[in-house]
1. What do you reckon, is A221 touching a Phe, Trp or Tyr at 6+ places or on another chain (Cβ under 9 Å), small (G, A, S) and surrounded by 16 or more Cβ atoms within 10 Å (Cβ to Cβ)?
2. Regarding the range 279-302, can at least one residue be identified that is free of Cβ contacts under 8 Å to residues at least 60 places away in the same chain, out of contact with any strand residue (DSSP E or B) (no Cβ under 8 Å at 6 or more places or on another chain), closer than 16 Å to V149 by Cβ and not polar (S, T, N, Q)?
3. Keeping to the range 1-30, report how many residues are of a type outside the set (K, R), at pLDDT 75 or above and under 41 Å from the mean Cα position of the chain (by Cα).
4. Residues that are open to solvent by less than 20 Å² (accessible area, probe 1.4 Å), within 14 Å of A319 (Cβ to Cβ) and at pLDDT 95 or above: which helices (runs of 4 or more DSSP H) entirely in the range 70-126 hold 1 or more of them?
5. All but one of (1) touching a Phe, Trp or Tyr at 6+ places or on another chain (Cβ under 8 Å); (2) part of a helix (DSSP H, G or I); (3) modelled with pLDDT of 95 or more; (4) open to solvent by less than 70 Å² (accessible area, probe 1.4 Å) hold for A276; state the number of the condition that does not hold.
6. Mind checking whether some residue in the range 202-217 is part of a loop (DSSP other than H, G, I, E, B) and modelled with pLDDT of 85 or more?
7. Which condition from (1) in contact with a helix residue (DSSP H, G or I) (Cβ under 7 Å, 6 or more places away or on another chain); (2) farther than 18 Å from A189 by Cβ; (3) open to solvent by 10 Å² or more (accessible area, probe 1.4 Å); (4) aliphatic (A, V, I, L, M) is the one that A298 breaks?
Amino acid sequence: MVQQRTRRPRISDVASGAGVSKSTVSIAFNKPERLSPETIARIRAVADALGYRPHPVARMLAQRHTSTLGILTPQALVVAFANPFFSMFSQGVASVAEEFGYGLLFISPLRGSLARAVGRASVDGFVAIGLGEDHPEVEQIRSARLPIVLVDSSAFPEHGSVTVDDEAGAFAAADHLLGLGHRDFLILAVEPPRLGTDDTTLVAPALDSVSSRRLEGYRQALSRKAIELPEERVAIGPPTFDGGAAALNKALDAGLHVTGVLAMSDVMAIGAIHAAEKRGLKVPEDISIVGFDDIDEAEHSRPALTTVRQPVREKGAAAARLLLMAVDRRDFEPPEHRRLETKLITRASTAPAR
């Protein structure tokens with residue numbers, strides 16, 4: 001015997017039973033302050049008897065409120081989630097979002113288009129990571145007219161932002177190796193995100209990007225010892241363990257003599273440690289390596305990684321708080337731009353140069 005599926009009660013059923021229009025039923029669930037208590041009680045009594053519940057999507061559209069925050073990433077989520085930094089940052093965002101009853105939606109380029117993904121997202125606002133003014137779709141994203149808080153970018157003063165003192169952190173990392181006598185350096189720089197369905201199109205690096213600020217910090221420290229950084233001593237790769245390993249191997253295969261490595265991310269630094277040891281180089285006896293971020297894995301790598309600590313979870317939490325202020329329309333005052341401090345953490349991956 002084929003069982004007939006029971007039809008889900010509709011808004012028209014409630015309207016008919018309560019003797020009101022469908023729009024009045026909608027108002028009773030979404031804006032009850034506009035109706036009398038007697039009308040609301042009658043409508044909800046009929047709805048309860050029928051087992052009617054408003055459709056969640058329709059209700060969100062009616063209220064223009066989704067109770068969801070979007071985390072906007074410039075690269076595919078499979079790349080973002082491979083980096084422990086992103087996980088720590090998301091924990092910070094989630095800790096604040098959940099405290100105030102909000103969910104999270106991770107938004108990455110849809111078929112190569114970040115603007116297309118933004119257009120389809122049902123969120124109350126965005127935490128946008130690394131969204132600089134040079135992004136090819138930035139005007140389309142801004143035209144969404146939703147609150148945005150920028151992370152690792154302050155390109156748009158009309159939106160709140162959270163950054164860290166990247167230059168000071170990079171300066172401290174380079175100064176640490178200089179103090180240990182190192183003079184032959186290699187920078188492991190983070191490549192800009194890729195756009196396109198084939199993942200071959202690189203976005204031009206922003207003039208005020210994380211990479212540019214950290215590179216400037218390294219250069220400032222090295223210039224004090226009259227050390228220049230020619231192009232071949234800046235190896236670019238994705239912010240992954242494999243990316244760091246590949247960047248170091250490429251430089252060493254080209255014949256560069258390197259005793260000090262300055263990596264713009266911990267995952268690249270840890271990847272470089274593994275690559276160096278596979279080549280028979282000892283860390284730190286033959287080559288010293290410094291990372292940036294201080295992810296949880298940094299302290300537990302072998303050897304433990306010397307790195308620049310930035311408050312990753314705090315950065316995510318701060319971005320979420322600023323966004324919730326904008327969503328709640330408390331943004332009539334000028335938007336807040338927060339810059340968090342960095343700190344050099346010395347561990348076992350660095351030692352005096354031979």
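1. In short, yes.
2. no
3. 7
4. Filter on the range 70-126 gives 84-99.
5. That leaves (1) as the condition not met.
6. Yes, the range 202-217 contains at least one residue that is part of a loop (DSSP other than H, G, I, E, B) and modelled with pLDDT of 85 or more.
7. Evaluating A298 over (1) in contact with a helix residue (DSSP H, G or I) (Cβ under 7 Å, 6 or more places away or on another chain); (2) farther than 18 Å from A189 by Cβ; (3) open to solvent by 10 Å² or more (accessible area, probe 1.4 Å); (4) aliphatic (A, V, I, L, M) leaves (3) as the failure.
The values are calculated or read from the model by the stated rules, or taken from the named source; none is laboratory data. Please read all numbers here as calculations on a predicted model, not as lab measurements. Positions of Cβ are generated from backbone atoms using ideal geometry, with glycine treated the same way; all protein chains shown enter the neighbour counts. Just so you know, the surface numbers come from the protein's heavy atoms only, side chains and all, with ligands and any DNA or RNA stripped out. Shrake-Rupley method; radii C 1.70, N 1.55, O 1.52, S 1.80 Å.
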